[in-house]
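Worksheet for the structure shown next.
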Amino acid sequence: MDLNYSQDESAFRDEVRGWLNANLPKDLRDKVANYQELGREDLLRWHKILAKKGWIAPAWPKEFGGTGWNVVQRYIFEEELGYVGSPPLIPFGLSMCGPVLLRFGTDAQKKRFLPRIYNGDDFWCQGYSEPGSGSDLASLKTKAERKGDHYIVNGQKIWTTLGHCADWIFCLVRTDSSMAKRQEGISFLLIDMKTPGITVRPLILMDGGHEVNEVFFDNVKVPAENLVYEEGKGWTVAKYLLGHERMGTGRIGASKRELAKLKAFAAAQTGDDGRPLTEDPRFRDKLTRVEVELMALEITNLRFLDQMRRTNQPPGADVSMLKIKGTEIQQTLSELMMHAVDPGGNGSFTGLAKRYCNMRKTTIYAGSNEIQRNIISKMTLGL
Amino acid sequence: MNFDYNEEQQLLADSVRRFLAKDYGFEARKKIVASKEGWSDKVWATMAEMGLTGLPFSTEHGGFGGGAVDLMGVMEAAGDALLVEPYLATLMGGRLVARAGSDAQKKAILPAVVGGKLKLAFAHAEKGARYNLAKVSAKAKKAGAGWEITGEKVVVLGAPAADKIVVSANTDKGLSLFIVDGKAAKVKPYVTLDEQRAGDVSLSNTKAELLGAEGKALPVIEEVIDFATALICAEAVGAMKFACDTTLEYLKTRKQFGVPIGTFQALQHRMVDMVVAYEQARSMACLACSKSDTHADAKDRARAISAAKIKIADNCRHISQESIQLHGGMGMTEELKVSHTFRRLTMIAQQFGDAEHHLARFASLDK
């Protein structure tokens, strides 16, 4: 048993960290550190810097620009991105549509879309959830009717993250509503957001931020060549995507950065007795508990990674565990940050409180933590 | 990076598991617990034969030179089977001798421990000291060529069975360690909540032999307690695994309202949280055992062990409490093993410092 990274892995980490520190623009780093909203141009600027370096899509096959890194190197890279405070790499193109096209796309689709995803020419968003179909995704109703060489799409998507920035949306739509099983008759369509009939309406979150949207489809004409895989087999595609979740789900790097920030911040705040807040035993215990929780999650993550490397098996329900614990830690860190502020002292209570509000999303999105428990219950425990 | 046991470690863990499954089942253990001594000569002899009593001692003394990681699989198996033999107590006493003793003392004691001929205990805790390792009132004074100790030690694990007891006491130069003959100490034996044997040890001008440098015992004691803490973290993981497995089995078989209760989502999610807690605990036990074996310095070791013990203590509570709740009334009875596992997990959460103690220690090391 050896919990340490190998010399090569440590050297790789140093290389990644050095490069990120030297190449992440200061204004973007500041925006992330101050929890400011990042726009389309911010996100694409950083995307293009990484694409130029050849590091934007490590998991893709080499011929499409992948790095050929193993799972541990990919994990280290993701952790370092989080730790340096990089803007998020928007997953919809890189980790969702890209892998789907690589697995199910026609040669023409691959040629048309993959280079543009890689280079950050197209900004993608995801059209899965609907007002009546959240966790119960297979109940979706948005309809696509085949008319000659087109589909006519009618319906509504919701929670469309960064839909207002997007050039393209990949959608699950119902192409056949006569099937007895709800998972059948669903198809996977690629839709140009500039197509007439699409309306994007912002959904402003409680912190005032604009991240998510409703997207309405009113007789939207989509060329049939934009169908991915077979008509009616969209659920197979969707399931493949779910299994494609990355080992970076626990957000260890970002949480390490937030923890260091919280410690420094709390040390600079005074408690009621005039001593630094970090010396208040009641606050201190909460701080230590979240640090220990993060240590445990990191080692758990490495254990799964080590197993994956050895067995060559996808992580399966283990990712659900990382999601549950990782998001709980992110929420606790944001909550402690808010609690640490001296309301009359330095630091903005409102800013940190807004961050706290915003982080409540983490246990809801990407399969709520209750859905993750259902997955573990079914897949791992056989209940 | 590698989280697996090596081949030797795995083979040993498997053979210990097989032995305990065969000779240390719930019914067999019940008989041992109910016996006058509270441990089994026969089991101890087999453990020695299997090399378990020699595992962490140097080859020079007949041992195998292993560390905490080598003991992990053994301790997991012990946690699963709820071993009540004075194993941990003997390992602790032996490690104190190995760390502090003179060559002659090591030669006199360790080969006998390795061979299963000598059982040890460590008498350290006193009334009012709680988990503070530096707080000792027992006093030692020179008497001729040797020493005499006077003091009261409490909850000394394995004391009733111990042939020799390592005792801490203060001299003019500070905290020191001594070896006392088991028969020379007055031991008031009792059964602990988790059905192990312990005792309060009374010493009144009791003849003793100095172990290690006078006044320099605290760092040695801290190291050995950290080592023992790492071992009970691994033991906890074994006990937690049993608690999770048996509860899952119960959810699948127990029927109410015409269906297995495991079909209820309220229970499924609680079961999942138990398993998540188990995985987190296992990770921290790996950390504790590795850091016990390999660390930059004492602070690095202590920090990792305290972090592990915080998590293990919290998760011992979580998993033990939930395992009883999900079993319902049956979980409350002595008849099910899970209620005995509950008791061991409850004790591990406190042993060598509860979560609060280690939270304070972790914070004090973070400066």
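Among the residues of the stretch B:233-288, count how many are among the acidic types (Asp, Glu) and either buried (at least 19 other Cβ atoms within 10 Å of the Cβ) or at the interface with chain A (Cβ under 9 Å from one of its Cβ atoms) (or both).
The qualifying residues number 3.
Out of (1) more than 14 Å from chain B (Cβ to nearest Cβ); (2) surrounded by 17 or more Cβ atoms within 10 Å (Cβ to Cβ); (3) farther than 26 Å from residue A:207 by Cα, what's the single condition that is false for residue A:341?
Unmet for residue A:341, out of (1) more than 14 Å from chain B (Cβ to nearest Cβ); (2) surrounded by 17 or more Cβ atoms within 10 Å (Cβ to Cβ); (3) farther than 26 Å from residue A:207 by Cα: (3).
How about the stretch A:134-179: which of its residues are within 19 Å of residue A:210 (Cα to Cα) and not in a strand (DSSP E or B)?
Result: A:159, A:160, A:161, A:162, A:163, A:164, A:165, A:166, A:167.
Scanning the stretch B:26-43 for residues that are touching a residue at least 40 places away in the same chain (Cβ under 8 Å) and aliphatic (A, V, I, L, M), which turns out nearest to residue B:339 (Cα to Cα)?
Here the residue is B:33.
Looking at the stretch B:191-213, which of its residues are surrounded by fewer than 14 Cβ atoms within 10 Å (Cβ to Cβ) and either small (Gly, Ala, Ser) or part of a strand (DSSP E or B) (or both)?
Passing the criteria: B:204, B:205, B:213.
Here is a list of conditions, (1) away from chain B (no Cβ under 14 Å); (2) not charged (D, E, K, R); (3) not in a helix (DSSP H, G or I), and residue A:4 meets all of them except one; can you say which number that is?
So the condition that residue A:4 fails would be (1).
Among the residues of the stretch A:312-327, is any in a helix (DSSP H, G or I), surrounded by fewer than 21 Cβ atoms within 10 Å (Cβ to Cβ), away from every other protein chain (no Cβ under 11 Å) and of a type in the set (Ser, Thr, Tyr)?
Taking every residue of the stretch A:312-327 in turn, none turns out to be in a helix (DSSP H, G or I), surrounded by fewer than 21 Cβ atoms within 10 Å (Cβ to Cβ), away from every other protein chain (no Cβ under 11 Å) and of a type in the set (Ser, Thr, Tyr).
Which of the residues that make up the stretch B:75-95 are within 14 Å of chain A (Cβ to nearest Cβ) and under 21 Å from residue B:41 (Cα atoms)?
The one that is within 14 Å of chain A (Cβ to nearest Cβ) and under 21 Å from residue B:41 (Cα atoms): B:75.
Name the residues in the stretch B:315-331 that are surrounded by fewer than 24 Cβ atoms within 10 Å (Cβ to Cβ) and either closer than 17 Å to residue B:249 by Cα or among the polar types (S, T, N, Q) (or both), would you?
Passing the criteria: B:321, B:322, B:324, B:325, B:326, B:327, B:328, B:329, B:330, B:331.
Output the number of the condition that residue B:97 fails; it satisfies all remaining conditions of (1) more than 21 Å from the chain's Cα centre (by Cα); (2) in a helix (DSSP H, G or I).
Looking at each condition in turn, residue B:97 falls short on (1).
Can you name the residue in the stretch A:250-284 that is among the charged types (D, E, K, R) and closer than 24 Å to residue A:87 by Cα and, of all such residues, is nearest to the other protein chains (Cβ to nearest Cβ)? Reasoning before the result, please.
We begin by selecting, within the stretch A:250-284, every residue among the charged types (D, E, K, R); these are A:251, A:256-258, A:261, A:263, A:272-273, A:275, A:279-280, A:282, A:284.
Okay, now just the ones that are also closer than 24 Å to residue A:87 by Cα, so A:251, A:256-258, A:261, A:263.
Working: A:251: 16, A:256: 14, A:257: 17, A:258: 17, A:261: 15, A:263: 8 Å.
The residue in question is A:263.
Within the stretch B:345-367, can one find any residue that is part of a helix (DSSP H, G or I), in contact with a Phe, Trp or Tyr (Cβ under 8 Å, 6 or more places away or on another chain), crowded, with 21+ Cβ neighbours inside 10 Å and more than 9 Å from chain A (Cβ to nearest Cβ)?
no
Return only the number of the condition from (1) within 17 Å of residue A:254 (Cβ to Cβ); (2) outside any helix (DSSP H, G or I); (3) polar (S, T, N, Q) that residue A:301 does not satisfy.
(2)
For the stretch A:181-276, which strands (runs of 3 or more DSSP E) that fit wholly inside it have 2 or more residues that are under 21 Å from residue A:135 (Cβ atoms) and at pLDDT 95 or above?
A:186-192, A:210-223
Do you know which of the residues in the stretch B:273-309 that are within 19 Å of residue B:360 (Cα to Cα) and not hydrophobic (A, V, I, L, M, F, W, C) is nearest to the chain's Cα centre (by Cα)?
Among residues in the stretch B:273-309 that are within 19 Å of residue B:360 (Cα to Cα) and not hydrophobic (A, V, I, L, M, F, W, C), the one nearest to the chain's Cα centre (by Cα) is B:309.
For the stretch A:7-34, name all the residues that are surrounded by 12 or more Cβ atoms within 10 Å (Cβ to Cβ) and within 14 Å of chain B (Cβ to nearest Cβ).
Hits for the stretch A:7-34 are A:9, A:10, A:12, A:13.
How many of the residues in the stretch B:289-302 are more than 10 Å from chain A (Cβ to nearest Cβ) and either touching a Ser or Thr at 6+ places or on another chain (Cβ under 7 Å) or part of a helix (DSSP H, G or I) (or both)?
So the answer is 6.
Quick check, is residue A:287 surrounded by 21 or more Cβ atoms within 10 Å (Cβ to Cβ), more than 19 Å from the chain's Cα centre (by Cα) and either within 13 Å of chain B (Cβ to nearest Cβ) or not hydroxyl-bearing (Ser, Thr, Tyr) (or both)?
yes
Which ones in the stretch B:101-143 are of a type in the set (A, V, I, L, M, F, W, C) and farther than 24 Å from residue B:229 by Cα?
B:104, B:108, B:112, B:140, B:143
Does the stretch A:35-50 hold any residues that are buried (at least 16 other Cβ atoms within 10 Å of the Cβ) and more than 15 Å from residue A:78 (Cα to Cα), and which are they?
A:35, A:38, A:42, A:43, A:44, A:45, A:49 - these are the residues of the stretch A:35-50 that are buried (at least 16 other Cβ atoms within 10 Å of the Cβ) and more than 15 Å from residue A:78 (Cα to Cα).
Name the single residue, out of those in the stretch B:131-151 being of a type in the set (D, E, K, R) and part of a strand (DSSP E or B), that is surrounded by the fewest Cβ atoms within 10 Å (Cβ to Cβ).
Step by step, filter the stretch B:131-151, then rank; the result is B:142.
Give me the residue from the stretch B:173-188 that is surrounded by fewer than 18 Cβ atoms within 10 Å (Cβ to Cβ) and in contact (Cβ under 8 Å) with a residue 40 or more places away in the chain and, out of that set, farthest from the chain's Cα centre (by Cα).
Ranking the qualifying residues of the stretch B:173-188, first place goes to B:173.
When the stretch B:236-257 is examined, which residues are found to be in a loop (DSSP other than H, G, I, E, B) and out of contact with any strand residue (DSSP E or B) (no Cβ under 7 Å at 6 or more places or on another chain)?
Correct list: B:257 only.
Out of B:224, B:166, B:154, B:220, I need the residue that is under 30 Å from residue B:36 (Cβ atoms) and in a helix (DSSP H, G or I). Which one? Break it down stepwise before answering.
Numbers: B:166 fails: in a helix (DSSP H, G or I); B:154 fails: in a helix (DSSP H, G or I); B:220 fails: under 30 Å from residue B:36 (Cβ atoms).
On inspection, the qualifying residue turns out to be B:224.
One residue is enough: does the stretch A:317-327 have a residue meeting the conditions farther than 27 Å from residue A:90 by Cα and not hydrophobic (A, V, I, L, M, F, W, C)? So that I can check it myself, show each step before the final result.
Filtering the stretch A:317-327 down to residues farther than 27 Å from residue A:90 by Cα leaves none.
Scanning the stretch A:317-327 turns up no residue that is farther than 27 Å from residue A:90 by Cα and not hydrophobic (A, V, I, L, M, F, W, C).
The values are calculated or read from the model by the stated rules, or taken from the named source; none is laboratory data. On a predicted model such as this, the values are computed, not experimentally measured, just so you know. Note that each Cβ is placed from the backbone with ideal geometry, even for glycine, and that neighbours are counted across all protein chains shown.
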